[in-house]
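*Asks:* This is the structure I have questions about; it appears just below.
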Amino acid sequence: VNLIVVLRSFEESGARKLMTAFGAAQAAIHLNAMFLLEAEIPAALEAFAMKFADIGRRRHVLHGRDVFENLTVSRKEELFRLKQVLLNLTLRLREIFVARGRHEDRMALTVAEMAGPLRVAAATLLELEGHSPLPPPLAPKEALEKIAGRPLPALSQARETRLLPAGTASATLLLMIELANRMRERATKL
């Protein structure tokens with residue numbers, strides 16, 4: 001679960017008050033949070049264009065006003081960031097395959113962690129190619145399956161359980177590398 005907490009300021013006392021509840025939420029639901037100052041939104045938008053385009057498509061406001069209501073990411077920024085993310089994913093996945101290739105459990109964790117960014121990249125690519133956005137909340141999952149041309153149950157299983165059936169982690173990781181490469185090739189043609 002990903003969460004953005006938008007703050008006016010980041011104070012030690014306020015952050016300390018969150019520590020216990022935040023730790024429990026991390027353990028219970030694998031919570032990841034970005035603590036973002038309102039003043040940092042324009043810089044974050046520029047630095048993480050693909051992420052914020054996805055936020056613009058799928059956000060749910062839990063409390064307060066919607067600071068991303070008028071969010072706009074330029075096509076140029078989003079495409080640049082998409083290609084950058086896909087290249088980075090490819091390089092990291094190759095390194096992880098070589099470094100952890102004999103450890104199925106560690107590769108399953110990598111699949112769990114990298115499936116989300118790969119799925120978001122797929123949704124971004126399809127949108128940049130002119131496909132209408134898929135309905136949330138499964139849009140990124142469905143987008144990657146559309147690009148793969150088939151369902152990808154191993155990615156869902158790894159994300160949900162952080163495990164994969166014995167003997168499948170290597171093939172799953174190699175498939176992720178192939179998909180990232182294929183998507184990057186498509187992105188370079190846009």
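*Asks:* Among the numbered criteria (1) closer than 22 Å to MET183 by Cβ; (2) in a helix (DSSP H, G or I), which one does ASP105 miss?
*Replies:* Just one mismatch for ASP105, condition (1).
*Asks:* When you check THR90 against the structure, is it out of contact with any Leu (no Cβ under 7 Å at 6 or more places or on another chain), of a type in the set (S, T, N, Q) and either in contact (Cβ under 8 Å) with a residue 40 or more places away in the chain or in the same structural domain as PRO42 (by TED's automatic domain parsing) (or both), yes or no?
*Replies:* So THR90 passes the test.
*Asks:* Right, something else. Conditions first: (1) touching a residue at least 12 places away in the same chain (Cβ under 8 Å); (2) in contact with a helix residue (DSSP H, G or I) (Cβ under 9 Å, 6 or more places away or on another chain). GLU38 passes all but one, so which condition is the exception?
*Replies:* Status for GLU38: all satisfied but (2).
*Asks:* Further question on the same structure: Confirm whether ALA154 is surrounded by 20 or more Cβ atoms within 10 Å (Cβ to Cβ), of a type in the set (Gly, Ala, Ser) and without any contact (Cβ under 8 Å) to a residue 60 or more places away in the chain.
*Replies:* Spelling it out, ALA154 is indeed surrounded by 20 or more Cβ atoms within 10 Å (Cβ to Cβ), of a type in the set (Gly, Ala, Ser) and without any contact (Cβ under 8 Å) to a residue 60 or more places away in the chain.
*Asks:* Mind listing whichever residues of segment 24-43 are outside any helix (DSSP H, G or I) and of a type in the set (A, V, I, L, M)?
*Replies:* Across segment 24-43, the qualifying residues are LEU31, ALA33, MET34, LEU36, LEU37.
*Asks:* Which of (1) surrounded by 14 or more Cβ atoms within 10 Å (Cβ to Cβ); (2) in a helix (DSSP H, G or I); (3) touching a residue at least 24 places away in the same chain (Cβ under 8 Å) is the odd one out, the single condition GLU46 does not satisfy?
*Replies:* Only one criterion is unmet by GLU46, namely (1).
*Asks:* Further question on the same structure: With the requirement that a residue be within 18 Å of the chain's Cα centre (by Cα) and at pLDDT 85 or above, what does segment 52-62 give you?
*Replies:* PHE52, ILE55, ARG59, HIS60, listed by residue number.
*Asks:* THR90: of a type in the set (Ser, Thr, Tyr), under 30 Å from PRO42 (Cβ atoms) and modelled with pLDDT of 90 or more, yes or no?
*Replies:* yes
*Asks:* In this structure, does ARG65 turn out to be of a type in the set (Lys, Arg), modelled with pLDDT of 85 or more and either within 21 Å of the chain's Cα centre (by Cα) or outside the structural domain of ALA143 (by TED's automatic domain parsing) (or both)?
*Replies:* In short, yes.
*Asks:* Also, quick follow-up: Sort out which residues of segment 63-79 are out of contact with any helix residue (DSSP H, G or I) (no Cβ under 7 Å at 6 or more places or on another chain) and of a type in the set (Phe, Trp, Tyr), and write them in order of number.
*Replies:* Selection gives nothing.
*Asks:* When you scan segment 8-17, do you find a residue that is within 27 Å of LEU155 (Cβ to Cβ) and part of a helix (DSSP H, G or I), even just one?
*Replies:* Scanning segment 8-17 turns up no residue that is within 27 Å of LEU155 (Cβ to Cβ) and part of a helix (DSSP H, G or I).
The values are calculated or read from the model by the stated rules, or taken from the named source; none is laboratory data. These numbers come from a predicted model, not from an experiment. All Cβ positions, glycine included, derive from the backbone under ideal geometry; neighbour counts span all protein chains shown.
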